[in-house]
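Reviewing the structure listed below.
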Amino acid sequence: MRKTVTSREEILQHCQNIVLNQGLTAIDIRTVASACHVSVGSIYNHFGSKDELVYAVLTEGWKDIFDIEEDLDQTSSFIDYIEQIYQVLLKKKKDRAGFLNYYSLGLAHKDPDLGLKLFNDTTQELRKTMVDVYRRDANMEQDLDEKALDEYIHLIFSILMTLLMEDLSSNISLDWALQVLKAKKKFA
């Protein structure tokens, strides 16, 4: 065993590798300790339980997946922005086979409400930027109140996530979703 203390970040990095190679269900304290070449107690110094570790792994994975804003043109139209989000996330999914699917399992882990809260917290900035881009686009309905716009963005984000979870060989479903967005006259 290594004598130095492993950092929380290093533990989470090893966990990301475990998830990519073996799936989310392979995360347990002993497996992680072995991957980090430390004692089980070293892992417990940073995480009080397996569930705490799993939720930290999920949060880090979601941060990695949804940290895409620098890859997007926020001055584009809302429709183009949505397509950019989809394309960037689709590329991440293709580059890391199964990555997004593994992290979707976190929504059902032990406490689905906590999983959903962590997911929403992690994706909040991206969804906020979607609202900003929508508001700047003169082609989109501008008389939506904040609640209606939040619900609309939630719907669009949910559609994107559903499309990404599908194993489609073409963009037919995205084209359909974009046509629905383009045809939208008023949400509220």
Subset of the stretch 96-111, residues at pLDDT 70 or above, more than 12 Å from the chain's Cα centre (by Cα), within 15 Å of residue 62 (Cα to Cα) and not basic (Lys, Arg), comes to 109
Among the residues of the stretch 111-154, write down those that are closer than 22 Å to residue 49 by Cα and surrounded by 13 or more Cβ atoms within 10 Å (Cβ to Cβ). 114, 115, 116, 118, 119, 122
Check on residue 49, surrounded by 13 or more Cβ atoms within 10 Å (Cβ to Cβ) and on the phi < 0 side of the Ramachandran plot: no
Of the conditions (1) modelled with pLDDT under 90; (2) more than 20 Å from residue 11 (Cα to Cα), residue 61 satisfies every one except a single condition; which number is it? (2)
Looking only at the stretch 13-36, decide whether some residue is over 30 Å from residue 127 (Cβ atoms), in contact (Cβ under 8 Å) with a residue 24 or more places away in the chain and surrounded by 20 or more Cβ atoms within 10 Å (Cβ to Cβ). no
Based on this model, can you work out whether residue 63 counts as under 19 Å from residue 19 (Cα atoms), touching a Leu at 6+ places or on another chain (Cβ under 7 Å), assigned to a helix (DSSP H, G or I) and not small (Gly, Ala, Ser)? no
Exactly one of 51, 73 is over 16 Å from the mean Cα position of the chain (by Cα) and either among the basic types (Lys, Arg) or outside any helix (DSSP H, G or I) (or both), and that residue is 73
Go through the residues of the stretch 81-94 one by one and say whether even a single one is more than 16 Å from the chain's Cα centre (by Cα) and aromatic (Phe, Trp, Tyr). yes
Can residue 68 be described as farther than 20 Å from residue 16 by Cβ and surrounded by 15 or more Cβ atoms within 10 Å (Cβ to Cβ)? no
Going through 119, 157 one at a time, which residue ends up being part of a helix (DSSP H, G or I), closer than 15 Å to residue 81 by Cα and under 15 Å from the mean Cα position of the chain (by Cα)? 157
Only residues that are without any contact (Cβ under 8 Å) to a residue 40 or more places away in the chain, out of contact with any Phe, Trp or Tyr (no Cβ under 7 Å at 6 or more places or on another chain) and not acidic (Asp, Glu): list them for the stretch 47-74, please. 47, 48, 49, 50
May I ask you to verify whether residue 25 is out of contact with any Leu (no Cβ under 6 Å at 6 or more places or on another chain) and in a loop (DSSP other than H, G, I, E, B)? no
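The values are calculated or read from the model by the stated rules, or taken from the named source; none is laboratory data. Because the structure is a prediction, the values reported are computed rather than measured. All Cβ positions, even for glycine, are placed from backbone atoms using ideal geometry, and neighbour counts span all protein chains on display.
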